[in-house]
Amino acid sequence: MVHDRNAFARAVRSGQTVWAAGVFDAMSAKIAENAGFSAVMTSGFAVSASLLGQPDVEVYTMTENLSVASNVCSAVGIPVIADTDTGYGNAINVMRTVREFERAGVSAVIFEDQEVPKRCPAAAARSRSCSRRSR
């Protein structure tokens, strides 16, 4: 079981599987920790759905996502992985995103390699941002 950031980093770098539960707030993170998960991961889809009632089409801001991740980090004693969408802009924004999420206490971040706004996330199959293009 991986309980701290250093052990988590070593496990990931060595190729070891670390089971993480997807969470959307501090309470769901505490439940996952109490269930025995070694880590938790904030899910962009779940955060968007629980915070705004919207599909994951980057409607929520970096600051809103950071607030959720910070609350999760404060609530649990296991590593937190944060879904940081596309980094909220250009390379400068991505650098700021990494710094802010590190400061909040996350152990790892995940970035999506997508166009901004997201072209066609699965959750927004019927949204206007998901127009079908003929190829």
| note | Whole-percent carbon and sulfur contribution to the accessible surface of the range 52-103 (1.4 Å, no ligands, DNA or RNA) stands at 51 percent
| task | Could you work out the Rg to Rh ratio of the range 32-72, with Rh taken as the Kirkwood radius (inverse of the mean 1/r over all Cα pairs)? | result | 1.02
| remark: Taking 8-16, 62-70, 81-89 and ranking on average Cβ neighbours within 10 Å, highest first, one gets 81-89, 62-70, 8-16
| said: I'd like to check one number: the per residue accessible area of the range 1-43, probe 1.4 Å, reported in Å² as a whole number. | reply: 63 Å²
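The values are calculated or read from the model by the stated rules, or taken from the named source; none is laboratory data. Because the structure is predicted, anything quoted here is derived from the model rather than measured. FYI the Cβ positions are ideal-geometry reconstructions off the backbone, even for glycines, and counts take in every protein chain you see. The accessibility values were calculated without ligands, DNA or RNA, using every heavy atom of the protein model including side chains. Shrake-Rupley method; radii C 1.70, N 1.55, O 1.52, S 1.80 Å.
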